Protein chains: 2
Amino acid sequence: MELVSIRDMYRNKEKYIDTTLEIGGWVRSIRASKNFGFIVVNDGTFFEPLQVVYHDEMDNFAEVSKLNVGAAIIVKGKLVATPDAKQPFEIQAEEVYIEGPSSSDYPLQKKRHSFEYLRTIAHLRPRTNTFQAVFRVRSLIAYAIHKFFQERDFVYVHTPIITGSDAEGAGEMFRVTTLDMDNLPKNEDGTVNYEEDFFNKETSLTVSGQLNGETYAMAFKNIYTFGPTFRAENSNTTRHAAEFWMIEPEIAFADLKDDMILAESMIKYIIRYVMENAPEEMAFFNQFVDKGLIERLTSVANSDFGHVTYTEAIEILEKHNDKFDYKVSWGCDLQTEHERYLTEQIFKCPVFVTDYPKDIKAFYMKMNEDNKTVAAMDCLVPGIGEIIGGSQREDDYDKLVKRMEEMGLNAEDYDFYLDLRKYGSTRHAGFGLGFERCVMYLTGMSNIRDVIPFPRTVNNCEL
Amino acid sequence: MELVSIRDMYRNKEKYIDTTLEIGGWVRSIRASKNFGFIVVNDGTFFEPLQVVYHDEMDNFAEVSKLNVGAAIIVKGKLVATPDAKQPFEIQAEEVYIEGPSSSDYPLQKKRHSFEYLRTIAHLRPRTNTFQAVFRVRSLIAYAIHKFFQERDFVYVHTPIITGSDAEGAGEMFRVTTLDMDNLPKNEDGTVNYEEDFFNKETSLTVSGQLNGETYAMAFKNIYTFGPTFRAENSNTTRHAAEFWMIEPEIAFADLKDDMILAESMIKYIIRYVMENAPEEMAFFNQFVDKGLIERLTSVANSDFGHVTYTEAIEILEKHNDKFDYKVSWGCDLQTEHERYLTEQIFKCPVFVTDYPKDIKAFYMKMNEDNKTVAAMDCLVPGIGEIIGGSQREDDYDKLVKRMEEMGLNAEDYDFYLDLRKYGSTRHAGFGLGFERCVMYLTGMSNIRDVIPFPRTVNNCEL
């Protein structure tokens, strides 16, 4: 008999009530008395579990009653409505087949475990309510993002993970090598000879797919990337991981305004998709992880995002400098405390801050006419701060070369990138969405380690 | 005025014929005479280009006539039907605005370039017909795969890229490190001290997400991964890259038969999705890259896949040993020549080969009752050979430990993996689909370098 999923049962109740069926899943809790017992089973397909009632008419009644939490079972029985109970139905078991028992040292007994402890058993924590919810929602968000872009005919581009360049100079990089570390080939001057390395030169893990992405936007008009990126930064915070996923759309024949419209539409789309497709999980987060989450997200999905220039934002923030650890003044980078103050206290909704001073932004951003600021935008959201950073790109060959020189970059390293300004250059813009920040934002989870299946952070690369 | 995409124009002709509109795109070719001219424009949204007719009534007629191939332009004009021409319509331009010119050294002049040459300009090749088609189809295949699994409520899991284990021992790995190569920290015995490395130990790039994926299948029942994997193998072939993407579904309460049903459904789904959503691109491949492609794919989508055990396959192949460079006999691994002979000559359709000798397969595969073979399956397709490799996993704790010992693996390194057999073990199975092989299969392209935007192979890590 084909196993029926608990999701299917909940979503298509009428089809299954009063029929005999089979389910397979894992014991969440078990309570046995002399002649009968209750088993709560979760089969991983649905957030809500299923109650199984079994009786001593079964041959293996005693054996089943001794099952530990975590055991895998297959249950055959009749699904009956339970109008007076909390759950809508239960299975009255005819047979309980033990697929795999669980030993009594199973770490996930029926009690509340701290997130810290659960991080030490990353291979088992998806079996708990919280992490079932987190990782199903993570999966749905990823799909919502693909769906959003594909419905708009964006081309998904796999930009490379191993790179010979340091892209935007965006931070510390991980080296990738096959050299024998205990016997490194050397040049005459004693330095390492990377010509003997796998790629014949020094290589690292990517920090951004943007520059490669731009080359495809100049061919396909609208593209997006969705892949892992890396930072070898020694920062042990709740918001930084060494390995994380990024989404980087890039749109041609488009400017900063188009870029912001795209970002706002995308965020709203994701919120609506997840609320619609994971109502049980979202209700759980709202109740146990972040009270007010659903109200906040609903409001974001239905309101227009704010807009403010960096210069205006500084003027506003300067009036509240007494509230900040770092005092703001024109020219400084915004810290999370400033970002959150703007979006939570001033605007009370997501807000785009635009036109940042050129000196705190990357070389590729389009210079504004004031020659002091660039066409950059950060999208700030309540509870998180910056969730998206983007810009219109400098599409003028000469201006770009000049900016690279000012910033000490070697133009020869960027030949391919400059070619885009030589052969049919056009206005274009894009942004980066940190995927994990997005998952945190939608679930209310406050530590990035708890939204990545197997997180990689300084000194931590387990499993 | 909002730009209309050429895709939209082709797909919703009625809406646009006889209206005045604006398009933005790049010049594919230009032909000017004294009073008028023709420009073929591609805007990257659609495989077919659009013809623009312009006249000397325009102020910048002379300037436009001097445009080089590759220039970016915006055209305003009326879309008119051209019932007597090859193309269904053309734009009669009122204005042609030059967004960005192209210099005369533009490498993609209107002539046929070899794939070898185009590989040297990876940032420009997506602007050619062939690579527009390849990379749009690549994007569609990726989406079809997500869609297939999400429609079936599989959870998408991001398994880690940086890993501290060597997973299935599947091959040479790339080291990931932040140690100062010119000044490596050493232990007292002179070996490198990896405790000073970023993760406090030796780390590499993943070769497979399977073992991590299994932990999630034992929580969510049905999961899939879709991410980059790496092999530091010094093999310079048309089918191997150092960096490629893999899809690895894993299903619990399921055996090898379920696994094959899943694989077959997935392949058929992908084919149908691409044929439906990229008919122009597929027609192009069929005509210029691989004659017979569409017929072959249509037949695969509509026929049942074959099934043969390894033992039977060897019996069949042995009769044709005169045709092979490597002669087969029971116990040997199948080479591409054998795989292709089976699927192309014997079965004339995709075929699953099952139950391979344990000695040529990985430690985690479920032992069959004969104690000689394991519950493995490879899916072979015409033109490629193996496209999918999968197996039912050993779910018995003691058998798994025994097998690991036989193969010289250290059980302690696999504690988390063994836990899955201790706490609610159940039948489960999965497979790996090499994404690039799948793209090659669907496009008829014969070199893996031509289906990856920026390929990484031995001695090659450009852009």
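On the basis of being more than 30 Å from residue B:59 (Cα to Cα) and assigned by the TED database to the domain that holds residue B:441, does residue B:146 make the cut? Answer is yes for this residue. For the stretch A:123-139, the set of residues classified as under 19 Å from residue A:460 (Cβ atoms) and either more than 8 Å from every other protein chain (Cβ to nearest Cβ) or out of contact with any Ser or Thr (no Cβ under 9 Å at 6 or more places or on another chain) (or both) consists of A:125, A:131, A:134, A:135, listed by residue number. Residues in the stretch A:181-202 that are facing another protein chain (nearest Cβ under 9 Å), touching a Phe, Trp or Tyr at 6+ places or on another chain (Cβ under 9 Å) and either hydrophobic (A, V, I, L, M, F, W, C) or open to solvent by less than 30 Å² (accessible area, probe 1.4 Å) (or both): A:181, A:198. Restricting attention to the stretch B:420-439, the residues that are open to solvent by less than 10 Å² (accessible area, probe 1.4 Å), more than 7 Å from chain A (Cβ to nearest Cβ) and touching a strand residue (DSSP E or B) at 6+ places or on another chain (Cβ under 7 Å) add up to 8. Considering A:205, A:211, the condition of being under 24 Å from residue B:226 (Cα atoms) and more than 8 Å from chain B (Cβ to nearest Cβ) is satisfied by A:211 alone. Is there a residue being modelled with pLDDT under 95 and polar (S, T, N, Q) anywhere in the stretch A:306-324? No, the conditions are met nowhere in the stretch A:306-324. Only one entry in A:122, A:133, A:144 is touching a Phe, Trp or Tyr at 6+ places or on another chain (Cβ under 6 Å), more than 30 Å from residue B:439 (Cβ to Cβ) and part of a helix (DSSP H, G or I), namely A:133. Checked against (1) at pLDDT below 95; (2) of a type outside the set (Gly, Ala, Ser); (3) not assigned by the TED database to the domain that holds residue B:137, residue B:412 meets all criteria but (3).
For every residue, the table says whether it meets (1) touching a residue at least 60 places away in the same chain (Cβ under 8 Å); (2) out of contact with any strand residue (DSSP E or B) (no Cβ under 8 Å at 6 or more places or on another chain); (3) farther than 20 Å from residue B:257 by Cα.
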position	(1), (2), (3)
B:299	no, yes, yes
B:303	no, yes, no
B:311	yes, no, no
B:334	no, no, yes
B:344	no, yes, yes
B:347	no, no, no
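Give the stretch A:209-255 a look and list any residue that's among the polar types (S, T, N, Q) and surrounded by fewer than 23 Cβ atoms within 10 Å (Cβ to Cβ), or say none. Across the stretch A:209-255, the qualifying residues are A:234, A:235, A:236, A:237, A:238.
Within the stretch B:445-454, the residues that satisfy the criterion of being facing another protein chain (nearest Cβ under 9 Å) and within 12 Å of the chain's Cα centre (by Cα) are B:452, B:453. Please enumerate the residues belonging to the stretch A:256-289 that are over 23 Å from residue A:45 (Cβ atoms), touching a helix residue (DSSP H, G or I) at 6+ places or on another chain (Cβ under 8 Å) and crowded, with 19+ Cβ neighbours inside 10 Å. Matches in the stretch A:256-289: A:266, A:267, A:271.
Which residues, counting only those in the stretch A:393-419, are within 14 Å of chain B (Cβ to nearest Cβ) and either open to solvent by less than 40 Å² (accessible area, probe 1.4 Å) or in a loop (DSSP other than H, G, I, E, B) (or both)? Answer for the stretch A:393-419, where residues must be within 14 Å of chain B (Cβ to nearest Cβ) and either open to solvent by less than 40 Å² (accessible area, probe 1.4 Å) or in a loop (DSSP other than H, G, I, E, B) (or both): A:393, A:394, A:395, A:396, A:400, A:414, A:416, A:417, A:418, A:419. Is it the case that the stretch B:101-119 has a residue that's open to solvent by less than 10 Å² (accessible area, probe 1.4 Å) and more than 8 Å from every other protein chain (Cβ to nearest Cβ)? Scanning the stretch B:101-119, I find at least one residue that is open to solvent by less than 10 Å² (accessible area, probe 1.4 Å) and more than 8 Å from every other protein chain (Cβ to nearest Cβ), so the answer is yes.
Listed by position, the helices (runs of 4 or more DSSP H) inside the stretch B:216-311 whose residues that are touching a Leu at 6+ places or on another chain (Cβ under 9 Å) and more than 14 Å from chain A (Cβ to nearest Cβ) number at least 2 are B:256-277, B:293-302.
On inspection, residue A:151 does not qualify as of a type outside the set (Lys, Arg), on the phi < 0 side of the Ramachandran plot, open to solvent by 60 Å² or more (accessible area, probe 1.4 Å) and assigned by the TED database to the domain that holds residue A:52. Would you confirm whether or not the stretch B:335-342 contains a residue that is under 30 Å from residue B:214 (Cα atoms) and either hydrophobic (A, V, I, L, M, F, W, C) or not assigned by the TED database to the domain that holds residue B:254 (or both)? Checked the stretch B:335-342: no residue is under 30 Å from residue B:214 (Cα atoms) and either hydrophobic (A, V, I, L, M, F, W, C) or not assigned by the TED database to the domain that holds residue B:254 (or both). Residues that are among the small types (Gly, Ala, Ser) and more than 14 Å from every other protein chain (Cβ to nearest Cβ) were ranked within the stretch A:59-75; the one that is nearest to residue B:426 (Cα to Cα) is A:65. The single condition among (1) touching a residue at least 60 places away in the same chain (Cβ under 8 Å); (2) open to solvent by 40 Å² or more (accessible area, probe 1.4 Å) that residue A:9 does not meet is (2). For the criterion of being facing chain A (nearest Cβ under 9 Å) and either on the phi > 0 side of the Ramachandran plot or open to solvent by less than 30 Å² (accessible area, probe 1.4 Å) (or both), residue B:442 fails. In the stretch B:416-431, the residues that are on the phi < 0 side of the Ramachandran plot reach residues that are among the basic types (Lys, Arg) with C-beta atoms within less than 6 angstrom, at least six apart or across chains, in these pairs: B:428/B:393. Filtering A:93, A:85 for residues that are over 36 Å from the mean Cα position of the chain (by Cα), open to solvent by 30 Å² or more (accessible area, probe 1.4 Å) and more than 18 Å from residue B:422 (Cβ to Cβ) leaves a single hit, A:85.
Within the stretch B:156-177, can one find any residue that is more than 9 Å from chain A (Cβ to nearest Cβ), open to solvent by less than 10 Å² (accessible area, probe 1.4 Å) and at pLDDT 95 or above? No, every residue in the stretch B:156-177 fails to be more than 9 Å from chain A (Cβ to nearest Cβ), open to solvent by less than 10 Å² (accessible area, probe 1.4 Å) and at pLDDT 95 or above. Checked across the stretch B:127-142, the condition of being surrounded by fewer than 18 Cβ atoms within 10 Å (Cβ to Cβ) and either of a type in the set (Val, Ile, Thr) or more than 30 Å from residue B:451 (Cα to Cα) (or both) holds for no residue.
The values are calculated or read from the model by the stated rules, or taken from the named source; none is laboratory data. Model, not experiment: these values are computed from the prediction. Heads up, the Cβs are rebuilt from the backbone with ideal geometry, glycines too, and the neighbour counts pull from every protein chain shown. We work out accessible area using only protein heavy atoms, side chains counted, and drop any ligands, DNA or RNA first. Shrake-Rupley method; radii C 1.70, N 1.55, O 1.52, S 1.80 Å.
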